[in-house]
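Here it is, the structure in full.
The values are calculated or read from the model by the stated rules, or taken from the named source; none is laboratory data. Not measured: the values here are computed from a predicted model. Don't worry about glycine lacking a Cβ; one is built from the backbone with ideal geometry, like all the others, and counts go over all protein chains shown.
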Amino acid sequence: LVDMLLKDACDLNPNLTHLLIWVQVSCLFAGVWGIGGALNTASKELFDTFYKDIWRGNNPDHPIPETIDPIDIPIPSEGLIHDYYYNYSGKGTWKYWPDVLRGMKIEETINLQQTLVPTVDTAKYFHVLEMHIRHKIPILLVGPSGTGKSFYVQKMLMHELDLNKFSPAFLTFTTSISANLTQELIISKLVKRRRGVYGPEKGKLSVIFIDDMNMPAKEVYGAQPPIELLRQYFDHGHWYDLKDTS
């Protein structure tokens with residue numbers, strides 16, 4: 001998250017006058033989502049108080065190191081810090097998501113089941129999803145079933161992305177899916193470039209959404225082979241050919 005935020009800040013402002021402020025704010029924002037992103041509502045409120053006190057230097061057990069200057073941007077006091085994002089234009093400033101939502105319009109649609117009413121949560125999740133997609137960083141969206149996770153992602157991929165630049169693909173895991181079938185299904189959604197090399201259509205970036213990723217059955221040692229296959233790709237960037245193991 002820190003890398004993504006800083007890259008966006010530097011791309012927006014070639015003049016690096018406020019780089020130190022951007023670094024501090026990026027670390028602050030990354031902690032909000034990297035540490036507190038998966039917390040429930042009650043825990044987020046506790047985390048919010050603790051986290052703000054640390055950055056303000058008000059926590060005697062965790063004081064700001066003497067080698068670090070105090071942050072030069074006021075930390076939001078109204079609401080949870082989860083409800084803010086940072087606009088890096090110039091020195092930068094915090095933006096409150098409820099204020100941003102006031103200018104959003106609901107698209108007219110015939111199918112009401114496919115209508116997404118903008119909320120603070122949808123705005124936050126879309127912001128984080130879009131940033132990860134743009135920087136080609138995998139992201140895992142977790143939460144209770146029936147809370148709209150899949151709908152958010154599908155809406156993002158099919159209606160918020162430029163389909164001239166991105167090629168979305170969808171895959172749903174089941175209890176019976178195997179690692180080999182997972183590899184075959186993902187490759188089937190790509191174009192063969194040459195022997196052993198697959199990718200999206202020329203000029204596009206492939207974005208693959210895997211739903212119900214927790215579903216594959218565990219083997220005798222507790223591992224879930226389809227998930228281990230994904231881990232192999234994230235760690236090494238390749239898979240082995242299922243026919244000749246090349």
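Would you pick out the residues in region 210-221 that are in contact (Cβ under 8 Å) with a residue 60 or more places away in the chain and buried (at least 16 other Cβ atoms within 10 Å of the Cβ)?
Residue satisfying the conditions is Met213 alone.
Within region 6-40, which residues are under 30 Å from Ser145 (Cα atoms) and aliphatic (A, V, I, L, M)?
Leu28, Ala30, Val32, Ile35, Ala38, Leu39
Here is a further query. In region 22-34, which residues are surrounded by 15 or more Cβ atoms within 10 Å (Cβ to Cβ) and either of a type in the set (S, T, N, Q) or farther than 19 Å from Arg56 by Cα (or both)?
Gln24, Ser26
When only residues in region 56-96 that are in contact with a Gly (Cβ under 9 Å, 6 or more places away or on another chain) and not in a loop (DSSP other than H, G, I, E, B) count, which is farthest from Cys27 (Cα to Cα)?
Result: Tyr96.
Another question, then. Which ones in region 35-48 are modelled with pLDDT of 90 or more and farther than 19 Å from Asn59 by Cβ?
Ala42 - this is the single residue of region 35-48 that is modelled with pLDDT of 90 or more and farther than 19 Å from Asn59 by Cβ.
Now for a separate question. Identify the residue in region 156-195 that is in contact with a Pro (Cβ under 6 Å, 6 or more places away or on another chain) and small (Gly, Ala, Ser) and, among all such residues, is farthest from Phe126 (Cα to Cα).
This residue is Ala179.
Continuing with this model, one more query. Return the residues of region 123-153 that are basic (Lys, Arg) and either in contact with a Gly (Cβ under 6 Å, 6 or more places away or on another chain) or crowded, with 17+ Cβ neighbours inside 10 Å (or both); say none if nothing qualifies.
Lys124, Lys149
Restricting attention to region 173-232, report how many residues are in contact with a Leu (Cβ under 7 Å, 6 or more places away or on another chain) and among the small types (Gly, Ala, Ser).
3
Mind checking whether some residue in region 151-164 is touching a residue at least 24 places away in the same chain (Cβ under 8 Å) and more than 30 Å from Asp83 (Cα to Cα)?
Yes; the residues of region 151-164 include at least one that is touching a residue at least 24 places away in the same chain (Cβ under 8 Å) and more than 30 Å from Asp83 (Cα to Cα).
Then there is this: Write out, first by first residue and then by second, each pair whose Cβ atoms fall under 7 Å of each other, whose residues are 6+ apart or on separate chains, and whose first residue, in region 1-21, is surrounded by 14 or more Cβ atoms within 10 Å (Cβ to Cβ) while the second is acidic (Asp, Glu).
Between residues of region 1-21 that are surrounded by 14 or more Cβ atoms within 10 Å (Cβ to Cβ) and residues that are acidic (Asp, Glu), the close pairs are Ile21/Asp72.
Among the residues in region 133-149, are any touching a His at 6+ places or on another chain (Cβ under 9 Å), aliphatic (A, V, I, L, M) and modelled with pLDDT of 80 or more?
Yes, some residue in region 133-149 is touching a His at 6+ places or on another chain (Cβ under 9 Å), aliphatic (A, V, I, L, M) and modelled with pLDDT of 80 or more.
Across region 222-246, what is the number of residues that are touching a residue at least 24 places away in the same chain (Cβ under 8 Å), aliphatic (A, V, I, L, M) and assigned to a helix (DSSP H, G or I)?
Within region 222-246, residues that are touching a residue at least 24 places away in the same chain (Cβ under 8 Å), aliphatic (A, V, I, L, M) and assigned to a helix (DSSP H, G or I) number 2.
Continuing with the same structure: Which residues, taken from region 190-209, are more than 22 Å from the chain's Cα centre (by Cα), surrounded by 10 or more Cβ atoms within 10 Å (Cβ to Cβ) and more than 16 Å from Tyr233 (Cα to Cα)?
Across region 190-209, the qualifying residues are Val191, Lys192, Arg193, Glu201.
Somewhere in region 29-43, is a residue over 20 Å from Leu5 (Cα atoms), over 20 Å from the mean Cα position of the chain (by Cα) and in contact (Cβ under 8 Å) with a residue 24 or more places away in the chain?
Within region 29-43 (the criterion being over 20 Å from Leu5 (Cα atoms), over 20 Å from the mean Cα position of the chain (by Cα) and in contact (Cβ under 8 Å) with a residue 24 or more places away in the chain), the answer is no, since none of the residues qualifies.
Shifting gears a bit: Quick check, is Leu171 in contact with a helix residue (DSSP H, G or I) (Cβ under 6 Å, 6 or more places away or on another chain) and either under 20 Å from Pro200 (Cα atoms) or modelled with pLDDT of 90 or more (or both)?
So Leu171 fits the description; yes.
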